[in-house]
Amino acid sequence: MNESKNEVIRLEGVGRKFRTAEVETHALTGVDLAITKGEFVAIEGPSGCGKSTLLSILGLLDEPSEGRYLLADQAVETLGASARARLRRERIGFIFQGFNLIGELSVEENVELPLSYQGVGRAERKQRVKEALERVEMAHRARHMPSQLSGGQQQRVAVARAVVGRPLILLADEPTGNLDSSNGKHVMELLGELHQQGATICMVTHDPRYGEFADRSVHLFDGRLREQAAEA
Amino acid sequence: MDTLRADFLFGLRALRRTPAFTAVAVLTLAIGIGATSAIFSIVNGTMLYGLPWSEPESIVSFRLMHKREGEARAMTLAQYRDFGAQAKSFEGLLATFFDQAYLTDREEARMVYAPKVTVGSLGLMGVEPLLGRGFTEAEGHPGAEPVIMLGEGLWRERYGADPSIVGRALELNGERATVVGVLADARWFPRPATEVLRPLAFDAVAAARDDDRYGIIGRLRPGVTMQEAQAEMDVIVGRLGERYPKTDGELKLELLASKDLVIDDAGRRGTLLLLGAAGFVLLIICGNLANLMLARSAARHKEMATRAAVGASRGRLMRLLLTECGVIALLSFPLSLLVTRVFVDYLLSLVPDSITYMEHFFRFDYRVAGFAAAVSGLTVVLFGLSPSLKASRIDLSESLKEGGVRGGTDSGSQRLRSTLVAGQIALALSLLVTASVFMQSLVKISRSDLGFDIQGALSATLLLPEGRYDGPPALRSFHGRLEDALSTLPQGARAALTSSAPLGWRGPERSFQIEGRRKAQDEQPPRAHWSGVSSEYFKTVGLRIVKGRGFAASDRDGALPVVVINQELADAYFADRDPIGQRIELSDLASMKVTGGSREIVGVVSSITEVRGLLPPAARPRLYEPLAQQPVQRVDIVLRSGGDPLASVGALRQRVKGLDARLSLAQTETMVTRKNTTMWGGDFFAKVMMILGLLALLLASVGIYGVVSYSTAQRTREFGIRAALGAEPGQIAALVLKKTLRLSLIGIGLGLLLALLLSRITETMLYGVDARSPATLAAVSAVLLAVSLLSSLVPVLRAVRAQPMEALRLE
């Protein structure tokens, strides 16, 4: 086992099975993957290949059926719900395809949410929310409600929410999937900037164009890791 | 009409597609309407049905009040005669005497409700016999051949509805009386549940002014108003008061409408309160249904938007939705009648067996069906209007977009749902507070010290027919032999005789003068209830001799006439002196052939506290005389045993039969039963109120569950996002509970206000309980809060278990 202090994520032989009444589906089989600090990895593959399942496991939203998962050298595959929730709020930042802002909360309240769950004090929360929104150029919309924003703006707020907790890794699930090409490009440039500033990013995408923003791409097909491309 | 028909058919089809929703809606609505209609059947039987006599609006009841004491007094035949002779406002008057009698035509005597009425009463009130005839003028004179009319119920039950009963002689109170007719139960003459009707035979000239045990009813002449009649009667009563100051001096007469004969003020207030409580339950059900309809509208928002897009106006959409609600109400209507019947039967089952006439007061007829139909119609508006208004307000551009805003999930609908649930909590809380204060009042009354131990005691009634036990010597002799026989009861049981056992009929009132005490000219003498008792009575019942002595075997006929008074009478009239040795002058008691005269007070016994429904327990002044000195025709045997008193009834019966094989015991019942009978009205009221309160609580909790559950389902995505961002399960649960808590606290606040408003009505109906008791308000609020939070348990678990993956909408 090659564990490295630079490895943020290490998967070893990870598999994920789903059972319905009669059928057992293997969404992932024997996946080995390592992501080092500061790396931008794209997980590519066609629809239904298991890439989002992989991202869910990486984000501790789902548990592998088999294999090992080390997050910052800590085995996490058998952790309980509460410990997983703690790791999610302290180590992981999510960016969803559908933005997933909470409609009843304002922009700044949405961004503040991970800090609230981390128990960060009010003054520090306000300061970090301000910084995060400035980073994505949305500070001027802090008091707005999500419904008052365009799709691109909403995704920038979602990015701010993902980074505000200073996570170890950003997990992005088709971050451009709900955006037109112009807005998609802007979001990708934003992720690129974050990467440049040192963020570790793992992004799921089916669009090879956006895969090019990553340091390397991982290809999934039928739940198996088929290829590991060299740096783009 | 065609569109209405189309809407109706569409509503029917739409409801058929969702059988679970339809079944829940129809059933809960039927329960609500049924419960309300069942209580309405009491209103119908007691307040609306009125007296089933011709032109009941011209019938008035006389109520004589003592001006100073503020108590109602029965009237005398002398007053009946004088009123009849002097008043011009009336076509005629009738006098009644509500009495019981023994039907002794079979082995086991049966005590029957056998009022007496003056002859001509049936004609005056326009009541035709079901069979045979009424009483003739001649049958109203003393000494006339005894005749009776049978009540329809008794005629059917005991004589198999045999028409040849007319002309047959039955034995009543040991004497033969010829049946001249049968009276329909539905005519309630002179009151419901009359089993035997007897003519009130009296000598008008010799009518006594102090024999006050009669009721008087009159029929106003056409064109005479109640106020005119009242004014005339005020003059007449005033005149009689001046002429007979001792008996009529401090009296005033009130004329009451005929419906007041059926139910008194307390009963009317209680019944209307129950109807209001049932209405609250119905409102809570409508709240639940409105919430269901809102959820249903939300699910059908696209359909409504499509209809609007193809040209349906808002009014048309509203009509469609309201018609659907109408179909639900229509389907629930026949079921609600069935539920009403079941509720009425259940309510009747709460009435003790000894109260035989209550079914007359639960009148389930066309009026109740009409009420149920009207309420069904009203519920359409109550549960259908808001959801229909909401659902018909459509933003087409938004609604028809793929994934556009769904109707019923917007903040307006959420607010409406929350308002409905807060209202439901408020109604349930106010109802529970009201029910619990009445229940506390009932428990206080029930636990009040009656002055004797009711456990292990019973009473049975024995009537000595005048034909065979005529006059004091015969009665005295039988009482003596009976006391001897009762002294040999097995297993340590002992028994005593009295003219009126505790916890039943109070016995007659007698006036008395304290000898040697000065009184104002024309001052009416004080009155007290009277009982003739055997020497063992106080010991058997368990009354304490407070002063002096009880009765002894030496207090026989010919010895010094003596009385024992109770503590209540001693406190009221002998507070300034020792009553022992004082003498009082007692009035005659014509109704029981008991003579008056001077008596010496030889003892003071502890008082018996009376309980009546929800009225405050109270002891009344009472005089006791030895039966040996004042024998009576009808005696109650009071028996006390170490164990179950009913086990001694066989021996008791044997002793009686051993003395006279033709005598039978009647109304054999334990003191516990007698207490339950006297308290039944309050017991019934408090129980029904509590049942409605608990039903309201259950329904409100269903409402809370529905709203919180729906809102949780709507927020699944949000909970998923929060979980993905690291929220702990407890933090998610807190979000759901916060909503429940907010709703509950608003509802509880409103409910407390409503409860305080209701307390203005209920406070005068309670005993020893504060209608605004902070402890009760706090306890009921706590129960509501706990039930609210408990109702949220399932939605909370659902929210906590929401998978964050759902938020990502994977794969």
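Only the coordinates and a few stated rules stand behind these numbers; no lab work does. As the structure is a prediction and not an experimental result, all values here were calculated from the model. Quick reminder, even Gly has a Cβ in these numbers, built from the backbone with ideal geometry, and neighbours come from all protein chains shown.
Over the Cα atoms of segment B:76-149, what radius of gyration and what Dmax do you get, in Å?
Final numbers for Rg and Dmax: 14.7, 50 Å.
Find which of B:P645, B:G603, B:I545 sits farthest along the positive direction of the dipole of segment B:465-662, computed with +1 on the beta-carbon of Lys and Arg, -1 on that of Asp and Glu, about the Cα centre.
Of the candidates, B:P645 comes out farthest on the positive side.
Using Cα positions and a limit of under 22 Å, work out the lysines in reach of B:K259, with same-chain residues fewer than 8 apart set aside.
Once the sequence-local lysines are set aside, what remains near B:K259 is B:K116.
Please give the calculated 222 nm ellipticity per residue for chain A, where each DSSP H segment of at least 4 residues contributes -39500 (n - 2.57) and the sum is spread over every residue; nearest 500 deg cm²/dmol? Don't skip to the end; give the middle numbers.
Numbers: 7 runs with 79 residues, N = 232.
Taken over chain A, the calculation gives -10500 deg cm²/dmol.
Can you spot the aspartates and glutamates whose alpha carbon is less than 13 Å from B:K252's alpha carbon? Ignore those fewer than 8 places along the same chain.
Leaving aside aspartates and glutamates fewer than 8 places away in the same chain, those within reach of B:K252 are B:E69, B:E71, B:E232, B:D234, B:E242.
Taking +1 at the Cβ of each Lys and Arg and -1 at the Cβ of each Asp and Glu, which of B:A169, B:F280, B:L292 sits farthest along the dipole of segment B:161-295 towards its positive end, judged by Cα position relative to the Cα centre?
B:L292
Once label points are set 7 Å from the Cα along Cα→Cβ at both B:R209 and B:A474, what is their separation, rounded to one decimal in nm?
3.4 nm
Could you calculate the contour length gain from B:E157 to B:R268, that is, 0.36 nm times the residue separation minus the distance between their Cα atoms, to one decimal place in nm? Don't jump to the answer; show the numbers that get you there.
Working: separation 111, 0.36 × 111 = 39.96 nm, distance 3.13 nm.
Working it through step by step, the gained length comes to 36.8 nm.
With a cut-off of 8 Å between alpha carbons and a minimum separation of six or more residues, what is the relative contact order of segment A:7-228 in percent?
31 percent
Report Rg/Rh for segment A:127-228, rounded to two decimals, where Rg is the Cα radius of gyration and Rh the Kirkwood radius.
Rounded to two decimals, Rg over Rh is 1.00.
Quantify how much of the Cα-Cα distance distribution of segment A:1-107 extends past 21 Å, in percent.
Working: 2342 of 5671 pairs.
More than 21 Å apart: 41 percent of the Cα pairs in segment A:1-107.
Per residue of A:111-122, count partner chain C-beta atoms within 10 Å of its C-beta, then hand back the mean as an integer. Can you show the working numbers first?
On the way: counts 0, 0, 5, 5, 1, 5, 7, 2, 0, 0, 0, 0.
Across A:111-122, the average partner-chain Cβ count within 10 Å equals 2.
Return the FRET efficiency for the residue pair B:F8, B:L694: r is the Cβ-Cβ distance, R0 is 22 Å, and the value is rounded to the nearest 0.05.
Efficiency, rounded to the nearest 0.05: 0.05.
Cα atoms only: what Rg and Dmax, in Å, come out for segment A:7-228?
17.2, 54
With viscosity set to 1.002 mPa s at 20 °C, what whole-number translational diffusion coefficient in µm²/s follows for segment B:243-323 from Stokes-Einstein and a Kirkwood radius over Cα pairs?
116 µm²/s
Can you give the mean number of other chain Cβ atoms that lie within 10 Å of the Cβ atoms in peptide A:57-68?
Mean shielding count: 2.
Are there GluC sites (Glu not before Pro) in segment B:56-141 that DSSP marks as loop and that have at most 16 other Cβ atoms within 10 Å, and which are they? Mind showing how you got there, number by number?
Numbers: sites: B:E57, B:E69, B:E71, B:E91, B:E107, B:E108, B:E137, B:E139; in loops: B:E69, B:E71, B:E107, B:E108.
Listed in order of number, the matching sites are B:E69, B:E71, B:E107, B:E108.
Which is the longest run of chain A containing none of the trypsin sites (Lys or Arg not before Pro) found in DSSP loop states (not H, G, I, E, B) with at most 15 other C-beta atoms within 10 Å?
Working: sites that count: A:K5, A:R143.
For trypsin sites (Lys or Arg not before Pro) (loop position, at most 15 other Cβ atoms within 10 Å), the longest site-free span of chain A is A:6-142.
Is there a quick way to get the dipole size of the protein assembly as shown? I mean about its Cα centre, with the Cβ of Lys and Arg at +1 and of Asp and Glu at -1; what is the value in debye to the nearest 20? Can you show the working numbers first?
Working: 121 positive and 113 negative charges, 211 e Å.
Here the size comes out at about 1020 debye.
Hey, how many Å between the Cα centroid of segment B:281-325 and the Cα centroid of segment A:68-90?
48 Å
Provide the three semi-axes, in whole Å and in decreasing order, of the ellipsoid equivalent to segment B:56-261 as defined by the square roots of 5 times the Cα gyration tensor eigenvalues.
Semi-axes, largest first: 32, 18, 15 Å.
Using 32 Å as the Cα-Cα cut-off, could you pick out the over-long pairs in A:K185/B:K739; A:K130/B:K738; A:K17/B:K738; A:K130/B:K739; B:K390/B:K738? Working shown, then result.
Values: A:K185/B:K739 41 Å; A:K130/B:K738 28 Å; A:K17/B:K738 37 Å; A:K130/B:K739 29 Å; B:K390/B:K738 26 Å.
Checking Cα-Cα distances, A:K185/B:K739; A:K17/B:K738 exceed 32 Å.
Any chance you could get the radius of gyration and Dmax over the Cα atoms of segment A:49-181, in Å?
In Å, with Rg to one decimal and Dmax whole: 15.3, 46.
Determine how many Å³ per residue the convex hull of the Cα atoms of chain B encloses. Don't jump to the answer; show the numbers that get you there.
Working: hull volume 171.1 nm³, N = 811.
Cα-based convex hull of chain B, divided per residue, equals 211 Å³.
How would you rank A:E212, B:E466, going from fewest to most other Cβ atoms within 10 Å of each one's own Cβ?
Lowest to highest Cβ neighbour count: A:E212, B:E466.
Please sort by residue number the GluC sites (Glu not before Pro) in segment B:153-229 whose DSSP state is loop and whose Cβ has at most 13 other Cβ atoms within 10 Å.
Those that pass, being in a loop and sparsely packed, number zero.
Based on Cβ point charges of +1 for Lys and Arg and -1 for Asp and Glu, what charge dipole magnitude is obtained for segment A:114-192 about its Cα centre, in debye rounded to the nearest 20?
Dipole size: approximately 460 debye.
About its Cα centre, what dipole magnitude does segment B:465-662 give when the only charges are +1 on Lys and Arg Cβ and -1 on Asp and Glu Cβ, stated in debye to the nearest 20?
The calculated dipole for segment B:465-662 is roughly 380 debye.
Return the aspartates and glutamates within reach of B:K302: Cα separation strictly under 13 angstrom, same-chain partners fewer than 8 residues apart disregarded; answer none if there are no such residues.
B:D395, B:E398, B:E402
Can you give the angle from 0 to 90° between the axis of helix B:671-714 and the longest principal axis of chain B, with both taken from C-alpha atoms, to the nearest 10?
Tilt of helix B:671-714: around 0 degrees.
Name the chymotrypsin sites (Phe, Trp or Tyr not before Pro) in segment B:24-92 that are in a loop by DSSP and that have at most 14 other C-beta atoms within 10 Å, would you?
none
Along the charge dipole of the protein assembly as shown, which of B:T668, B:L785, B:Y469 sits closest to the positive end, that is, farthest toward it, with unit charges on the beta carbon of Lys, Arg, Asp and Glu (+1, +1, -1, -1)?
Working it through, the farthest residue towards the positive pole turns out to be B:L785.
For chain B, what does -39500 (n - 2.57) per DSSP helix run (n ≥ 4), summed and divided by total residues, give at 222 nm, in deg cm²/dmol to the nearest 500?
About -16000 deg cm²/dmol.
Quick one: check the C-alpha center-to-center distance for segment B:85-107 versus segment A:18-34, whole angstrom.
Comparing the Cα centres of segment B:85-107 and segment A:18-34, I get a distance of 94 Å.
Once each part is reduced to its C-alpha centroid, what is the distance from segment B:1-80 to segment B:555-592 in angstrom?
Segment B:1-80 and segment B:555-592 have Cα centres separated by 50 Å.
What is the spread of the Cα atoms of the protein assembly as shown along each of their three principal axes, largest first, in whole Å?
For the protein assembly as shown, the Cα spread along each principal axis is 132, 68, 57 Å.
Using only the Cα atoms, what convex hull volume per residue in Å³ does segment B:465-662 have?
Details: hull volume 27.9 nm³, N = 198.
It comes to 141 Å³ per residue, whole-number rounded.
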